[in-house]
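Derivation of every value follows stated rules applied to the coordinates shown; laboratory data play no part. Everything numeric here is computed off the predicted structure, so don't read it as measured data. Here the Cβ is made from the backbone with ideal geometry for all residues, glycine too, and neighbour counts use every protein chain on show.
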């Protein structure tokens, strides 16, 4: 494998985060999976150690370093430690940057210190029962009432839905005249009319709380509009490339871990008098996966460079998200197969990794949506110029 590019400071950061996971997260993962939610204390401990919203300016308590490699390190270490249900990246790098990109100075001053400390847990609410990848199909509305907006509607499958103190909610502000005019709103815990449904039971990632959210005549102050009215779709699209890179980095790290677990198992387990690792079938299957993992790691690291330079395109992010999530599911499936009956037992980590992996091909845009984005690019003028060899 090629040597990966991390600074000495980032290597030290990796070691520190690894210790944090070992001491504060790993010992509690089983209990959190049983209860279906991570304790809020996990966020405050992470915040106290400087592991939340590292991009935030020092005045808000952050490191003031926007380098995505810090988040990449934390994504990788969480997967390697089998702590994927501890999805702090959702809070820190998926939702938090909306406040940096679109928040007013007043909004940033009000919310960012709590986000960095872990006292204000974040979520974003886009998906509805009848609107997933098709955001234009959402039905939630926020009607201008002069000094406030009146928010009505529901959202579903919202990660951090139970724990969240601040939810960025997407809603239509001109449902009749301009149904594509979507705006983003900062909805706080305790606002009258804001209710949460039950913590939803899921196939995998059982420690990550996921809920339905309900909004019934919620009076959202004008000061809680995030960005310009009617620009929500553009704001969401602007953040999607990085969101898909996050999903890709997570999927690839999980695939690396699933691969390592499988190699360890087949090296130790015997069948017909020899190690499972000694069978050519095992060797060829692992060789295929090893080659794909290494190739995709190079691509992901290039995407990280691009996002740091502000050059990551929606198409390149879609390629990363599509290929890594599909690979993760293949690695996890082959891992279960090579574990045999043991792979179906919950006591073996590969079993949980198999069920956890399945959702990655759905959230942040399904594999089908990723292929649609990639295929559309093939027929653009820029692409034709790229393949013109004359």
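Out of all Cα-Cα pairs in the stretch 233-385, roughly what percent, to the nearest whole number, are more than 28 Å apart?
When all Cα pairs of the stretch 233-385 are counted, 29 percent exceed 28 Å.
Which shape class applies to the stretch 8-120: rounded if a/c is under 1.5, otherwise prolate when a/b exceeds b/c and oblate if not, where a ≥ b ≥ c are the square roots of the Cα gyration tensor eigenvalues?
oblate
What residue among 377, 65, 294 has the largest mean-square fluctuation in a Gaussian network model of the chain, using Cα springs under 10 Å?
Top of the fluctuation ranking is 377.
By per-residue mean of other Cβ atoms within 10 Å, what is the highest-first order of 134-146, 245-257, 345-357, 75-87?
245-257, 75-87, 345-357, 134-146
Relative contact order for the stretch 107-258 using alpha-carbon pairs under 8 Å, separation at least 6, rounded to a whole percent?
Across the stretch 107-258, relative contact order equals 23 percent.
Say each of residue 355 and residue 15 gets a label point 7 Å from the Cα, pointing the same way as Cα to Cβ; how far apart are those two points in nm?
Computed distance between label sites residue 355 and residue 15 equals 3.7 nm.
Angle, helix 232-268 long axis vs. longest principal axis of the chain, Cα atoms, 0 to 90°, nearest 10?
It is inclined by approximately 20 degrees.
Mean separation of Cα pairs under 8 Å and 6+ residues apart, divided by the residue count of the stretch 178-330: what relative contact order is that in percent?
26 percent
For the chain, what is the mean residue ellipticity at 222 nm derived from helices alone (per DSSP H run of n ≥ 4: -39500 (n - 2.57); sum divided by total residues; nearest 500 deg cm²/dmol)?
-15500 deg cm²/dmol
Put a dot 7 Å past each Cα toward the Cβ at residue 379 and residue 49; how far apart are the dots in nm?
The two pseudo-label positions are separated by 5.1 nm.
Considering Cα pairs under 8 angstrom that are at least six residues apart, work out the relative contact order of the chain and quote it in whole percent.
Computed value for the chain: 15 percent relative contact order.
In nanometres, what is the gap between the two model label sites at residue 283 and residue 344, each 7 Å from Cα along Cα-to-Cβ?
Those two pseudo-labels are separated by 3.0 nm.
In a Gaussian network model over the chain where Cα atoms closer than 10 Å are linked, find which of 46, 228, 239 has the largest mean-square fluctuation.
So, out of 46, 228, 239, the one fluctuating most is 228.
Can you tell me the orientation of helix 105-117 relative to the chain, as the angle in degrees between its alpha-carbon axis and the longest Cα principal axis, to the nearest 10?
The helix 105-117 is inclined about 30 degrees to the chain.
Sorted by packing (mean other beta-carbon atoms within 10 Å per residue), highest first, where do 360-371, 8-19 land?
Ranking, from highest mean packing down: 360-371, 8-19.
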